[in-house]
Amino acid sequence: MDEIALKLSNLRTLLAQRGLDGILLRKASSFSWLTGGLSSVINTASSFGEASLLVTQEHTYLVTNTIEAPRFLEEDRVENQGWKIILQDWFSSESPLNTMTRGWRLGSDFPTPGFTDLSLEIARLRSILSPEEQNRLREVSSLCAQAMGEAAFAVRPGMSEYEISAVLAHACLNRGVEPIVRLIATDERIFRYRHPPATSKTLQRYAMLVLCGRKYGLVVSLTRLIHFGKLPDEIQRKARATAYVDAIALSATRIGRTLGDVFKDITLAYETTGYPDEWKLHHQGGPAGYEPREWIATLESQERVVSGQAYAWNPSITGTKSEDTILVKEEGFEILTEISAWPTLEIEVSGTLIRRPAILEI
């Protein structure tokens, strides 16, 4: 069974379990997932694209407007995947889909009035990547790592955060990757904000670059930090502690364990390093895939780690952060976003050395 056929089979099993007539997938992430990496995105600031997918037990429909349909048909050749097009005039307020599905019991991948909310079930399905998707994820990860490396090594004091963000965006787009999240902070802003959009502030000594890059609908996340001149002892201690928490998170992400168990190990690692409350200041990450995080892990999470899932953990201790994307496999985990020539810290966990990115000193 090929990739798309397997996904349709899983959706139809969900239909039967929930007693529904159809599932409407509205999110751009779901569209890419179910079409093998195609894109419905026009406005990258929106979670929704310009097409939806409707799946029933017998049929598959692609719902879009007359503006977008030619591209889906001529370039993406969606009919070759078995999608029947339902067209709506862009200027019409009457939806053929509403007429066709009147009286149906429908589920959706997004909370919608009148629909059964299947968002978590769909996210779980999206999070388990087929062998084909795993290979695409490796490609996207390599491109994002190259882009981050190119941008980071080009950073210099005196550059504004806007300039650094532009360099990172160019490095991504030049490789066919959409930089859907770019967070840039310099100097004291790194210590003040976990989510720092770029500003006009100029870099003096210390910079943090955060990237979520998307290609084929798959999203890869990574963070790198750069310091000009000798690294202060306090930052060095925090960086080592953050790398330890990250190494524990990677080692703890083993097949069959609940995410709550993994999260508990993460909080204990913070305590071990002497920073017991830092985990409360920012989420720690979770399963990745077609969203930067398909859902956020917490102590209460009962979902289990499954082979073929991607994870992006992002522990932080005020002023430092560590983040890469990994793939969970039967034999362990594979770090996908390593950057060649980047300095690393070696952290020993249960007799195994795990390399985590250090702060680049220039």
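Listed by chain and number, the lysines whose alpha-carbon sits under 26 Å from that of residue 201, ignoring those within fewer than 8 places in the same chain, are 230, 238, 321.
Provide 344, 223, 199 ordered by accessible surface of protein heavy atoms (probe 1.4 Å), highest first.
Working: 344 70, 223 0, 199 40 Å².
Result of the area sort, largest leading: 344, 199, 223.
Please work out the ratio of the alpha-carbon Rg of the range 1-112 to 2.2 N^0.38 Å and round it to two decimals. List each step's numbers first, then the result.
Details: Rg = 13.5 Å, N = 112, 2.2 N^0.38 = 13.2 Å.
Cα-based Rg divided by the globular estimate yields 1.02.
Go ahead and run the numbers for FRET between residue 350 and residue 174, Cβ-Cβ distance against an R0 of 51 Å, rounding to 0.05. Mind dumping the intermediate values first?
Values: r = 41 Å, r/R0 = 0.80.
Calculated transfer efficiency: 0.80.
All Cα-Cα distances of the range 219-355, cut into 5 Å bins from zero to the largest, leave 2, 10, 21, 25, 22, 13, 5, 2, 0 percent in each bin in turn. Taking θ as phi - 60° and the Karplus parameters 6.51, -1.76 and 1.60, the scalar couplings of the range 107-115 work out to x, 9, 8, 8, x, 9, x, x, 10 Hz in sequence order, x denoting glycine and proline.
Distances between every pair of Cα atoms in the range 1-55, grouped in 5 Å steps from 0 to the bin holding the largest one, split as 4, 20, 26, 22, 16, 8, 3 percent.
In terms of its alpha-carbon gyration tensor, the range 210-293 comes out oblate; a/c meets the 1.5 threshold, while b/c is at least as large as a/b.
For the range 315-332, backbone nitrogen atoms closer than 18 Å to the point 7 Å from residue 298 Cα along Cα-to-C-beta are found at no residue.
Give me the percent of Cα-Cα pairs in the range 116-194 that sit more than 17 Å apart, rounded to a whole number. Write out the running numbers ahead of the final one.
Values: 1848 of 3081 pairs.
Distances greater than 17 Å cover 60 percent of the Cα pairs.
Fully extended, how many nm does the chain gain between residue 264 and residue 135 (0.36 nm per residue separation, minus their Cα-Cα distance)? Intermediate values should be presented prior to the final figure.
Values: separation 129, 0.36 × 129 = 46.44 nm, distance 3.08 nm.
Once the chain is fully extended between residue 264 and residue 135, it gains 43.4 nm.
Return the carbon/sulfur percentage of the accessible area of the range 170-321, one whole number, probe 1.4 Å, all protein chains in place.
On the way: 2900 of 5780 Å².
C and S atoms contribute 50 percent here.
The residues of the chain expose, per residue, 44 Å² of accessible area to a 1.4 Å probe.
Place a +1 charge on the Cβ of each Lys and Arg in the range 11-155 and a -1 charge on the Cβ of each Asp and Glu, then give the dipole magnitude about the Cα centre in debye, rounded to the nearest 20. Intermediate results must be reported in sequence, preceding the final value.
Working: 13 positive and 17 negative charges, 94 e Å.
Charge dipole of the range 11-155: 460 debye, to the nearest 20.
Across q = 0.11, 0.14 Å⁻¹, the chain modelled as identical point scatterers on its alpha-carbon atoms has Debye log10 I(q)/I(0) values of -0.78, -1.15, in the order of the q list.
The values are calculated or read from the model by the stated rules, or taken from the named source; none is laboratory data. Quantities reported herein were computed from a predicted structural model and do not represent experimental measurements. FYI the Cβ positions are ideal-geometry reconstructions off the backbone, even for glycines, and counts take in every protein chain you see. The area values use the complete protein model at the heavy-atom level, side chains included, leaving out ligands, DNA and RNA. Shrake-Rupley method; radii C 1.70, N 1.55, O 1.52, S 1.80 Å.
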